[in-house]
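In what follows, a structure is listed as structure tokens, so that the remarks can point back to it.
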Amino acid sequence: MTELLTGHADLRAELARPGPGLVTEARDWPGDVLVLGAGGKTGSGIAAMARRALDEAGRTDTRVLAVSRWSDAAAGEQLAAQGVEIVAADLSDPDALKSLPDAGAVIHLVGAKFGTAGAPEQAWMTNTVLPDHVARRWPHAPIVALSTGNVYGMTAPVTGGSRESDEPRPEGDYAVTCLGRERVLTHAARTRDTPVALIRLNYAVEPRYGVLADLARTLLAGRPVALDTGAVNVVWQRYANEVVLRSIGHARSGSPFVLNLTGPETAGVRTLALRLAELLDVKAEFTGEPPTTSLLSDATACHALFGYPDRTLGDLVELQAAWLLAGNETWDKPTKFDRRDGRF
């Protein structure tokens, strides 16, 4: 298997490691890179990777700007130490958006998911209104926007998952508003010729967060694993970060570039839990029965463009167990991957 990661510094460095293809493409990026929502679980890795890719491409004068409220000051300080410029702004304020600098490319990571079942208006404002302000502020810069496989709805595992050409079937305010984000940015691509890439991500994982961390915490707590979701797709977070940045070169006006981003395997939740339990030396217990459908995506197009993830599903399971056995912490941010009603 690939090398295990022993601590947070090693993990952060690995999540920001650019592959050679990204470094080559960074030579042609059209200017400064603006990462909106960089304070979230994905943004710091993407911003740091963009900085490293530009440095290795010899473009040390091209800026990477990481925009967030930065309620976690330490996260901003870590990025600043790597040469990323930290910009504090409330992105829900249109005037704050107007005050941000011009950019050669925009990575749009801002979204509302958890808590939106009780406050759906927040999902609508963040996921549909804000993208319109972003597209109007940077009408000529390539915009790569993170979306979700939730826009598709459930499919049977035997189908291989939803493809980019499938008709969306969102359920719940979160999925509906994420499709709304896509529609708003598609409008910008068609009416103002804004280059747009829409990346439909299913469950990026790293040892501190994700489906595998959720399962491992449940097992270590001695609680039964619910089989309300029978199967999942997961993908290594470093690979996901790189695909987002490499999509800058694929953003299109007129008809946006749409891409499913996940791993190549369809993984059974029971099988994942049993393997994690074996590695963690605990007993796995289960409740419920696997349903006939799950939220699954076919990422064949992604792998054809960018290659397969550099850590296999087996690697990710072993990495998760080793991380916890070493006494490392995880983030208390459940993915709620087992929800089937679209309510988060």
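The values are calculated or read from the model by the stated rules, or taken from the named source; none is laboratory data. Computed from a predicted structure; not experimentally measured. Backbone-built Cβ (ideal geometry, glycine too); neighbour counts: all protein chains shown. Heads up: the accessible areas ignore ligands, DNA and RNA and are worked out on the full protein's heavy atoms, side chains in. Shrake-Rupley method; radii C 1.70, N 1.55, O 1.52, S 1.80 Å.
Summary of values
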{"read-out": "Any chance LEU245 is of a type outside the set (Asp, Glu), under 19 Å from the mean Cα position of the chain (by Cα) and either at pLDDT 95 or above or under 30 Å from PRO195 (Cβ atoms) (or both)", "value": "yes"}
{"read-out": "Residue check, PRO256 modelled with pLDDT of 95 or more, within 22 Å of the chain's Cα centre (by Cα), surrounded by fewer than 17 Cβ atoms within 10 Å (Cβ to Cβ) and not polar (S, T, N, Q)", "value": "no"}
{"read-out": "Top-ranked residue in region 315-344 [being part of a loop (DSSP other than H, G, I, E, B) and of a type in the set (A, V, I, L, M, F, W, C); ranked as nearest to the chain's Cα centre (by Cα)]", "value": "PHE337"}
{"read-out": "Number of the exception - THR116 against (1) β-branched (Val, Ile, Thr); (2) at pLDDT below 95; (3) open to solvent by 30 Å² or more (accessible area, probe 1.4 Å)", "value": "(3)"}
{"read-out": "Of all residues making up region 142-160, the number that are farther than 20 Å from GLY111 by Cα and in contact (Cβ under 8 Å) with a residue 60 or more places away in the chain", "value": "6"}
{"read-out": "Flag for ALA273 being within 28 Å of PHE306 (Cβ to Cβ) and open to solvent by less than 10 Å² (accessible area, probe 1.4 Å)", "value": "no"}
{"read-out": "Among the candidates ARG17, ARG51, ARG12, residue that is under 19 Å from the mean Cα position of the chain (by Cα) and modelled with pLDDT under 95", "value": "ARG12"}
{"read-out": "Criterion: open to solvent by 10 Å² or more (accessible area, probe 1.4 Å) and either farther than 26 Å from ILE46 by Cα or over 17 Å from the mean Cα position of the chain (by Cα) (or both) - qualifying residue of ASP214, ASP193", "value": "ASP193"}
{"read-out": "Top-ranked residue of region 285-314 - restricted to ones that are assigned to a loop (DSSP other than H, G, I, E, B) and in contact with a Phe, Trp or Tyr (Cβ under 8 Å, 6 or more places away or on another chain), ranked as most open to solvent (accessible area, probe 1.4 Å)", "value": "ASP310"}
{"read-out": "Filter result (under 19 Å from VAL196 (Cα atoms), of a type outside the set (A, V, I, L, M, F, W, C) and surrounded by 18 or more Cβ atoms within 10 Å (Cβ to Cβ)) within region 90-113", "value": "HIS108, GLY111"}
{"read-out": "Boolean, GLU171 is out of contact with any Asp or Glu (no Cβ under 6 Å at 6 or more places or on another chain), farther than 19 Å from LEU272 by Cβ and of a type outside the set (Lys, Arg)", "value": "yes"}
{"read-out": "Residue list for region 20-46, filter: within 16 Å of the chain's Cα centre (by Cα) and in contact (Cβ under 8 Å) with a residue 40 or more places away in the chain", "value": "VAL35, LEU36, GLY37, ALA38, GLY40, LYS41, THR42, GLY43, GLY45, ILE46"}
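To keep it simple, each residue is scored yes or no on (1) open to solvent by 20 Å² or more (accessible area, probe 1.4 Å); (2) more than 21 Å from PRO101 (Cβ to Cβ).
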position	(1), (2)
HIS8	yes, yes
PRO18	no, yes
VAL23	no, yes
LEU36	no, no
GLU56	yes, yes
THR62	no, no
ALA73	yes, yes
GLN78	yes, yes
